[in-house]
Every structure is written in C-alpha cells, then in structure tokens.
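The values are calculated or read from the model by the stated rules, or taken from the named source; none is laboratory data. Owing to the predicted nature of the structure, the values given are computational and were not obtained by experimental measurement. Every residue, glycine among them, receives a Cβ derived from its backbone with ideal geometry; neighbour counts consider all protein chains shown. Keep in mind that these areas ignore ligands, DNA and RNA; they rest on the heavy atoms of the full protein, side chains included. Shrake-Rupley method; radii C 1.70, N 1.55, O 1.52, S 1.80 Å.
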Amino acid sequence: MNLVDLPPELLLLILTFASSDLDRSRRTCLLLRLSLIHSSFTWPSQSLLHLHLHFPTQVSAARWLSSPSTTTKLRGWDAQPFRSESLVVEGIAGRREGVKGETARKVFERVRGVKRVEVKDFARLSAKVLSAEGLSGLKHLSLLTSFSMPPTPLSLPFTLTSLSLFNSRYPPSLVSLLLHTSSTSLRSLRLSLVPSTPAYTAIITSFPLLAPHLTTLILHHSPSPPLLSLFPLLSSLTTLAMNGSVPALRVIDAVEASWGTLEVLEIQLGWDQPGLVEAVLERVRGGRLVALKEVKVEGGGVVERRVWQELEQLGVRVVGKEGSGLVRWELAHS
C-alpha cells in the first residue's frame, strides 16, 4: 500500500511521532511542507499545526484567520473545524506589533476544543472573548492583560482546574466570576498580584470557597494580612511555591491544615534569608511537614554543609550547587 493511501487517522499518528522531537520552528516547517506534498497529508498536517496556536503578531493571527484550512472542509475531517489544545494570544505591548483586540475576538470565536489559554499584553481587551463557545473545554487559563467588562452580564462556558493571575488591572467582577465559576474545580492558583490592585479584594472574598479544593498554590508577592489569615483553610495542598518576596516561614506555618498533605515545597533563597533552609529542616524534623517529599531552593544564598549533612541523615538527597543556582532537596521519608 502506498503511503498516501493510508487512512488519515493513521497518517496523523505517523506525523505526530515524526515531529514530536522537533522544536516549534522546525516542526512548523516540516508540517507545512508535508501538507503541500499530497492531499492525503493535508488533513493530518493541518491538524497538528492547529494543535498549539501561538499568535505573537497581528500578521500571524490574520494569516491564520484567512487560511483555507480554518474555513473549508478537508479530506478526513467531516466538515468539522480543527481542534486546538492550546492558544497563546499576545496584544500590543510598547512598540511591538501584537494582535489587535478585534482580531483576538475573531480568533477566540474560531478556535475549538481549547484546553489551555494564555492572554497577555492587551491594553484593554473585552472580557467577552472568554465567553466564546470554543472555550467550553478550557481547563488552564493564564492572564497577563487588562480587560474591560461588556455592558451585558458575562457567562463563562468553562470550569478551570488552574488559573494564573499575573500583575495587571483586572476588573474585580471578572476575577470574582472566574473564581466563583470554578470554585470547586480549581486545583492550582498562581497569584502575582500586589494587594493594592483592585481585584485583590475579589480574591480575598472568594478564597474561602477555593481553599479546601486547592492542591497547588504559587505566590509571587507577599500576601496581605487578610489573605494570609485565610490560609488555614488550605487543607489539601500538595505543592506550595513562593518567590523571594514572600515570607516563606509565615506562609508555611499558616498552612498548618496542609502539613499532612504537602509534598513539594519551592522557596527562593536570598542573601537576606540565610537561615531559611535550616528553619524548614527544623519543621521537617519536628514532624510538622510529615508528607514532604521534595524541596526546591532557588537563589543566591548559601546552604551550609552541616545542614546538608543533617538532611542526608534524614534520607535527603541534595542536588545542585553550593551558594548559587538551583538547589533541589528530595526528601524520602520511609
């Protein structure tokens, strides 16, 4: 049997395997060339090209919207639009020519089957794009952009398992809607908001609904006292990550209800926190973090050799460099 006579589903598996180890640029070039070799390759090649969409410029988004593969029936597809697992849309930041708001709206209306979305650098994007039908299966959402709320009530077609809010001016009503819609399904929350942002109050208000269900919490800024006071509600955390501006020990002590479930701890070690690693060790030794399996330490501080030796006595394998770079603790409690 000739290769071009194979069923499109089998060709899709072959092309998936053939392109899996290539970087984005080489993978795109290969699939574009294959889609032009023979009509039999068009559907599987275009399926893979649509799988992960990234639009950093207006030109790239407009080209995709006008592509015949997004508007016409291709052999083997039964007239259904191509499905995409992930979508990244970048707006206009500074002098860079990003995607315009109206074009972004059309992209969101066109995509189908998206599970992961990242939106960033729009000056004022209408939040209505988040109500697009193609986002009904969305599970992971990362936002770094300003939004405007539509004049009519907004309804979201998805429930999230992970949400990342980077430092931007979000309408409080949008943050409340996102958190309440996914209050019982959300498992991972990344917060890179300072307490002075308007949406911070919405996070505090919604947190009691989210806390019992969260398994991953990532903090880029020190939590405000009202938010920190709610951390005892976190009873199911398995991963806790904090950068250098977060008072790590205060947060660790505040999540007391998760001491029995916390498996991974990520902290950033600065020169002004020389005793942080030893303080974590004391909590492990004292039986507070009984489920802890891995501690990742990043930064330029010094981890003393004696601390490493004590960790080794507890079954700790230390990976990394002394004094700089990434240091990883893998705690094996038996």
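Just a few scattered comments:
- Test: residue in region 206-213 that is in contact with a Pro (Cβ under 6 Å, 6 or more places away or on another chain) and free of Cβ contacts under 8 Å to residues at least 60 places away in the same chain: no
- Checking each residue in region 224-251 for being in contact with a helix residue (DSSP H, G or I) (Cβ under 9 Å, 6 or more places away or on another chain), open to solvent by less than 10 Å² (accessible area, probe 1.4 Å) and in a loop (DSSP other than H, G, I, E, B) picks out LEU234, LEU237.
- Look at region 33-48: where a residue is free of Cβ contacts under 8 Å to residues at least 12 places away in the same chain, no partner that is outside any helix (DSSP H, G or I) and polar (S, T, N, Q) sits 6+ places away or on another chain with Cβ atoms under 9 Å.
- LEU189 being touching a Leu at 6+ places or on another chain (Cβ under 9 Å), over 21 Å from VAL246 (Cα atoms), modelled with pLDDT of 90 or more and buried (at least 20 other Cβ atoms within 10 Å of the Cβ): no
- Subset of region 254-283 [within 24 Å of GLN313 (Cβ to Cβ), open to solvent by 20 Å² or more (accessible area, probe 1.4 Å) and assigned to a helix (DSSP H, G or I)]: GLU278, GLU282, ARG283
- Answer from LEU193, LEU186, LEU210, LEU214 - the residue that is under 18 Å from ASP253 (Cα atoms) and not polar (S, T, N, Q): LEU214
- Counting only residues that are part of a loop (DSSP other than H, G, I, E, B) and open to solvent by 90 Å² or more (accessible area, probe 1.4 Å), region 98-122 holds 2 of them.
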